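Down below is the structure, laid out as C-alpha cells.
The values are calculated or read from the model by the stated rules, or taken from the named source; none is laboratory data. From a predicted model like this one, the values you see are computed outputs, not experimental measurements. Note: areas computed on protein heavy atoms with side chains; ligands, DNA, RNA excluded. Shrake-Rupley method; radii C 1.70, N 1.55, O 1.52, S 1.80 Å.
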Amino acid sequence: MTLRERITSDMKDAMRAHEAARLSTIRMLLAEMKQKEVDERKKLDDSDIEKIVVKMIKQRKDSVEQYLAGKRQDLADKEANEIKVLEG
C-alpha cells in the first residue's frame with residue numbers, strides 16, 4: 001500500500017467516524033499534495049509525500065510557538081492536534 005493510498009484510507013475512516021478535526025487535517029494534506037503535483041507536473045512518490053508531511057509538521061510547530069507566545073492556547077491546541085494527525 002502506497003502512502004497516498006494509506007492517506008486516502010485514513011480520510012475515509014475519519015469520515016465514517018465523524019472525526020471532523022482529523023478529516024480536515026487529512027484533506028489539507030491531500031490538497032497540498034495535489035498542489036505540488038500541479039506545480040511540478042508530475043505524480044508524487046512516497047518520498048515526495050513524506051517531504052510535504054515533514055514541511056507541514058514544521059509549519060505547525062512554528063505556529064504553536066507563536067500562539068503560545070501570544071497567549072492563544074486554543075489555537076495552539078488545534079495546531080498540536082493537527083501535528084498528531086500528520087505524524088500518524
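Using a cut-off of 18 Å between alpha-carbon atoms, which lysines can reach Lys71, once sequence neighbours fewer than 8 places away in the same chain are excluded?
The reachable lysines, counting only those whose Cα sits under 18 Å from Lys71, are Lys61.
So with the 1.4 Å probe, I'd like the accessible area per residue for region 12-74, rounded to whole Å².
Details: 4700 Å² over 63 residues.
Per residue, region 12-74 has an accessible area of 75 Å².
Given the rule -39500 (n - 2.57) for each run of at least 4 DSSP H residues, summed and divided by the residues of the chain, what is its mean residue ellipticity at 222 nm, to the nearest 500 deg cm²/dmol? Can you show the working numbers first?
Numbers: 4 runs with 74 residues, N = 88.
Helix-only estimate at 222 nm: -28500 deg cm²/dmol.
Show which lysines lie in cross-link reach of Lys58 when reach means a straight Cα distance below 18 angstrom and same-chain residues fewer than eight apart are skipped.
Lys36, Lys78, Lys84
Can you list the aspartates and glutamates whose alpha carbon sits under 16 Å from that of Lys43, skipping same-chain ones fewer than 8 residues off?
Of all the aspartates and glutamates, those that pass the test against Lys43 - Cα under 16 Å, at least 8 places apart if same chain - are Glu5, Glu32.
Given [x] 6.0; [y] 9.4; [z] 4.5 as candidate values of mean projected area of the Cα convex hull in nm², which corresponds to the one derived from the coordinates?
The listed entry that was calculated here is [x].
Within the chain, what whole-number % of the accessible surface is contributed by carbon and sulfur, with the 1.4 Å probe and all protein chains included in the calculation? Spell out each step's value before the answer.
On the way: 3210 of 6190 Å².
Carbon and sulfur atoms account for 52 percent of the accessible area of the chain.
Restricting to Cα pairs below 8 Å that are 6+ residues apart, what does the relative contact order work out to for the chain? Please round to a whole percent. Provide the component values of the computation, followed by the final result.
Details: 55 pairs, mean separation 25.4, N = 88.
Dividing the mean separation by the residue count of the chain yields 29 percent.
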